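Beneath this line is the structure, given in structure tokens, with notes to follow.
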Number of protein chains: 2
Amino acid sequence: MLWSMPQHHDGPLARLRRGHEELVLDLLRRHGPLSRAELGGHSGLSRTTLYDIIAALVDSGAVVASAPAPAERRRGRPVEKLTLRPEAGQAIGIDFARRAVHVAAVNVAHEVIGSASEPHAPGLPWEERVDLAERLVGSLAGGSLRLGALSAIGVGVVGPVEDVAAGPPDAPVEAHPEQPDTAPGPQSPRTDLALLLRKRFGVPVLVDNNTRLAALAEATWGAAAGDQDVLYLRLSHGVGGGLVVGGSLHRGAHGLSGEFGHITVEPDGRRCSCGGRGCLETVASVGAVLDAYGRADDLPALLAALPADPAARRALDAAGSRVGTVLAAVCNAIGPGVIVLGGALAAAGDVLFESVERALTADLMPISRHRVDLRPATLGESGGALGAIALVLHESPLLARYPAPPDPLEDT
Amino acid sequence: MLWSMPQHHDGPLARLRRGHEELVLDLLRRHGPLSRAELGGHSGLSRTTLYDIIAALVDSGAVVASAPAPAERRRGRPVEKLTLRPEAGQAIGIDFARRAVHVAAVNVAHEVIGSASEPHAPGLPWEERVDLAERLVGSLAGGSLRLGALSAIGVGVVGPVEDVAAGPPDAPVEAHPEQPDTAPGPQSPRTDLALLLRKRFGVPVLVDNNTRLAALAEATWGAAAGDQDVLYLRLSHGVGGGLVVGGSLHRGAHGLSGEFGHITVEPDGRRCSCGGRGCLETVASVGAVLDAYGRADDLPALLAALPADPAARRALDAAGSRVGTVLAAVCNAIGPGVIVLGGALAAAGDVLFESVERALTADLMPISRHRVDLRPATLGESGGALGAIALVLHESPLLARYPAPPDPLEDT
């Protein structure tokens with residue numbers, strides 16, 4: 001619970017009622033703003049009970065009701081939405097990227113209240129990265145964050161993460177061969193980091209891969225907000241992504257879901273950092289596109305050359321075409337409703353998106369062609385940190401099962 | 001409920017207790033045999049309450065307890081498993097394939113109690129296919145099936161099915177361009193069929209794509225029984241498949257998940273029945289392999305030629321290699337723990353599996369290589385019908401939410 005509940009007498013019926021209240025609060029914490037009808041659908045409570053419980057929660061100040069913003073109003077009476085009281089607490093996300101720490105904060109009404117980033121040298125020791133994170137978190141919202149109200153901090157890291165629920169504290173985590181700098185310690189990087197953070201912030205820590213978390217963020221607050229089946233692809237110095245399936249982050253059997261960058265596109269192509277050959281990453285990462293162009297030292301220079309130099313366009317075009325082909329294969333396999341394309345390379349805009357779309361359309365099953373939306377990511381570099389918050393808000397194993405209603409038979 | 005419950009007095013505590021009993025029965029119906037510890041984990045009930053409820057259900061005959069078969073025993077005391085009383089009811093699955101009807105029955109203890117098939121001419125009118133299905137169902141278990149005890153019949157059909165929950169009765173269903181014979185009527189084939197069956201059997205009908213259902217069946221009773229993340233690929237006259245994600249059948253945003261057969265493998269390849277070009281189906285279906293070999297009229301003839309004719313082996317090898325490449329791409333994207341390979345072509349055995357495995361290993365991310373098991377399907381042609389039962393037993397929207405515990409506040 002995020003605040004103290006109004007106290008009832010302790011009889012079985014009062015406890016059952018408290019269970020219902022907790023269920024309603026929990027649903028608002030997971031889903032953000034919900035109408036009474038949506039709450040009814042999610043909770044399974046009868047209309048009478050639900051309205052009664054909501055009235056009590058609004059009276060107590062735990063829940064606030066508000067009409068939608070004018071832009072969202074359709075014909076007829078606007079539907080009132082309920083949220084947790086925004087001041088009741090905040091959730092924090094931290095993304096430990098390769099060369100920067102990003103943090104973000106969201107209140108329990110699911111409003112983003114701040115984000116901050118700071119680059120650092122590659123290979124900065126983990127103790128210092130955590131110092132940096134602590135400083136950035138302190139700077140958010142003028143230092144007024146109520147960390148005591150948090151149920152957990154969400155954390156994104158580079159590389160595969162098998163199990164978001166902590167597991168035994170000494171469980172080894174395999175380092176990703178291509179990402180030697182993921183690990184704070186040689187044996188159990190994720191656990192070491194989680195322990196370090198837990199010690200520092202005093203709350204449970206949930207860890208997942210930061211690119212997958214960016215996928216969850218785009219499906220929660222970003223380009224695919226509200227969509228249930230979302231494919232997110234990030235084209236950056238590395239190429240990776242994530243899948244949201246039925247509204248939840250998909251991890252796969254060994255936490256290896258979303259490795260779109262390591263799908264083979266050229267059987268005899270270049271050796272990839274993953275140990276394979278001809279992966280999408282070898283032709284569609286920022287570095288690969290720069291290599292293909294050959295006349296720019298960095299991405300801004302390449303983007304600047306675009307209007308004047310057809311060769312720059314061709315380099316992006318070739319990469320986009322490979323990306324579209326891979327996306328089509330994955331779409332035929334899993335049928336997402338939305339594809340979100342992000343990462344540094346997405347800044348190329350139309351040049352890239354048009355070639356991706358062309359190849360995607362060519363290779364999608366005809367029946368699927370008008371059923372997948374390609375959209376640019378909207379959350380930028382704070383996506384990983386925001387996704388870490390989404391993990392806490394609606395995927396936390398702490399919240400994984402609604403509390404079983406209190407059991408009066410235990411007392412009889 | 002599958003049988004009449006022992007009656008309690010009607011006070012709120014008795015109704016709460018009845019809610020707990022229904023939860024336990026529901027869990028056993030979905031999962032099949034469970035230990036007390038597993039029931040505790042799934043239900044969230046306290047040990048005291050759970051043991052008390054189980055004792056009452058065993059006393060009433062609704063639930064039976066049995067030690068595991070000797071082969072399953074490990075060291076120490078065998079763990080007793082609980083199931084619903086097998087005689088309490090059966091669930092029926094019907095697979096309307098292109099040229100045959102398959103039916104299967106499973107009892108509520110999750111034991112397969114019978115299956116039957118009958119081929120028919122392509123294009124047989126739907127009324128007659130349903131007649132055939134009714135006859136086959138009647139023949140199962142010597143006609144002793146207790147259809148009245150069914151909560152629903154699961155049905156598999158050819159082609160994409162968007163929404164397993166019936167939806168409005170007049171909702172149009174798009175016919176798959178490659179599968180003109182899926183439809184009993186021109187406007188809403190699935191709904192027409194569902195209505196026809198509902199009228200005939202008098203119970204709700206759940207419909208899904210039969211290849212996807214075969215995937216669910218393999219993950220429930222077949223080669224991947226108990227695995228949570230399963231990729232199923234069927235190589236037959238068509239090529240298709242299904243994904244089980246986190247233990248549930250994955251459908252995708254528009255019911256178009258699992259179309260592995262329409263992933264492009266040869267951009268300039270043959271025109272495919274889906275309207276695309278160079279799809280996996282154009283190189284790895286039974287017809288494509290026969291074409292590539294050129295010296296056999298049907299699959300049995302090709303398989304018979306295998307020992308003596310290297311060209312037959314090469315034809316299968318080439319198909320297997322394409323299959324492995326596509327599987328690797330899908331695995332890198334979604335990270336399943338098990339791949340199940342079925343369909344007529346899987347009868348080629350090692351020749352096929354070895355070439356699939358070789359290409360799969362070559363293209364999988366190195367870190368994933370020893371984390372995916374390739375296994376032959378075990379359920380054969382009854383997979384679709386069995387999967388339809390699995391749909392009823394643990395995916396039915398009728399069972400989608402545990403009944404909310406009865407609400408004593410309604411009465412006060």
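Going highest first, how would you order A:206-214, B:340-348 by mean Cβ packing within 10 Å?
Peptide ranking by packing, descending: A:206-214, B:340-348.
Quick one: Karplus J couplings for region A:209-219, per residue in order, coefficients 6.51, -1.76, 1.60, θ = phi - 60°, nearest Hz, x for Gly and Pro?
Rounded to whole hertz, the list is 4, 6, 6, 4, 5, 4, 4, 5, 5, 4, 7.
I need to check one value: relative contact order of region B:312-389, counting alpha carbon pairs closer than 8 Å and at least 6 residues apart, in percent. Walk me through the numbers on the way to the answer.
Numbers: 80 pairs, mean separation 33.6, N = 78.
Across region B:312-389, relative contact order equals 43 percent.
Other chains' Cβ within 10 Å of A:32-44 residues: what's the mean?
On the way: counts 0, 0, 0, 0, 0, 0, 0, 0, 0, 1, 1, 2, 6.
Mean partner-chain Cβ count within 10 Å for A:32-44: 1.
Work out the length of the dipole vector of region A:12-87 about its Cα centre, built from +1 on the beta-carbon of each Lys and Arg and -1 on the beta-carbon of each Asp and Glu, and round it to the nearest 20 debye.
On the way: 13 positive and 9 negative charges, 53 e Å.
Using Cβ point charges on Lys, Arg, Asp and Glu, region A:12-87 gives about 260 debye.
Give me a comma-separated list of calculated 3J(HN,Hα) values for region A:122-128, in order, Karplus coefficients 6.51, -1.76, 1.60 applied at θ = phi - 60°, integers in Hz, x for any Gly or Pro.
In residue order, the calculated couplings are x, x, 4, x, 4, 4, 6 Hz.
Starting at 0 and stepping by 5 Å, how many percent of the alpha carbon pairs of region A:12-87 end up in each bin?
3, 15, 27, 26, 15, 9, 3, 1, 1, 0
Can you list, shortest first and in nm, the gaps between the label point of B:D297 and those of its counterparts in the other copies, using a point 7 Å from Cα in the C-beta direction?
7.3
Within 10 Å of each Cβ of A:335-345, how many other protein chain Cβ atoms are there on average? Mind showing how you got there, number by number?
Details: counts 12, 5, 4, 1, 0, 0, 0, 0, 0, 0, 0.
Mean shielding by partner chains, rounded to a whole number: 2.
May I ask you to derive the relative contact order of region A:224-378, considering only C-alpha pairs under 8 Å and at least 6 residues apart, and to give it as an integer percent? Walk me through the intermediate numbers first.
Working: 274 pairs, mean separation 37.4, N = 155.
Computed over region A:224-378, the figure is 24 percent.
Under the Karplus relation 6.51 cos²θ - 1.76 cosθ + 1.60, θ = phi - 60°, what is the ordered set of whole-Hz ³J(HN,Hα) values for region B:293-300, x standing for Gly and Pro?
For region B:293-300, the Karplus curve yields 6, x, 10, 9, 8, 8, 4, x Hz.
Copy-to-copy spacing for A:S35, label 7 Å out on the Cα-to-C-beta vector, in nm, shortest first?
4.7
Please arrange B:Y293, B:Y232 by counting, for each residue, the other beta carbons lying within 10 Å of its beta carbon, fewest first. Mind dumping the intermediate values first?
On the way: B:Y293 21, B:Y232 33.
Ordered by Cβ neighbours within 10 Å, fewest first: B:Y293, B:Y232.
For the residues A:E111, A:E357, what sequence is obtained by ranking on other C-beta atoms within 10 Å, fewest first?
Values: A:E111 14, A:E357 18.
Result, fewest neighbours first: A:E111, A:E357.
Starting from a Cα-only point model with no solvent, please compute log10 I(q)/I(0) by Debye for region B:225-378 at q = 0.20 1/Å.
Listed by q, the Debye log ratios stand at -1.27.
Given label points at 7 Å from Cα along Cα→Cβ, what nm distances, shortest first, separate A:S248 from the same residue in every other copy?
Computed spacing set for this position: 0.6 nm.
At a 10 angstrom cut-off on C-beta neighbours, averaged per residue, how do the peptides B:100-106, B:14-20, A:307-313 rank from highest to lowest? Could you put the intermediate results ahead of the total?
Details: B:100-106: 25.0, B:14-20: 18.9, A:307-313: 14.3.
The densest-packed peptide leads the list: B:100-106, B:14-20, A:307-313.
Roughly how big is region A:224-378's charge dipole about its Cα centre, with Cβ charges of +1 (Lys, Arg) and -1 (Asp, Glu), in debye to the nearest 20? Write down the numbers at each step before the final one.
On the way: 13 positive and 16 negative charges, 39 e Å.
With Lys and Arg at +1 and Asp and Glu at -1, about 180 debye.
Once you sort the root eigenvalues of the Cα gyration tensor of region A:326-401 as a ≥ b ≥ c, which label holds: rounded (a/c under 1.5), prolate (a/b larger than b/c) or oblate (the other case)?
Numbers: a/c = 3.60, a/b = 1.51, b/c = 2.38.
It comes out oblate by the Cα gyration axes.
Quantify how strongly other chains surround peptide A:354-367 by giving the mean number of their Cβ atoms within 10 Å of each of its Cβ atoms. Mind dumping the intermediate values first?
Numbers: counts 0, 0, 0, 0, 0, 2, 0, 0, 4, 8, 7, 15, 7, 14.
Shielding by partners across A:354-367 averages 4.
Bear in mind that the values in this text are calculations on the coordinates, not laboratory data. If you're wondering where the values come from, they're calculated on a predicted model, not measured in any experiment. Reconstructed Cβ throughout: ideal geometry from the backbone, glycine too, with neighbour counts over all protein chains shown.
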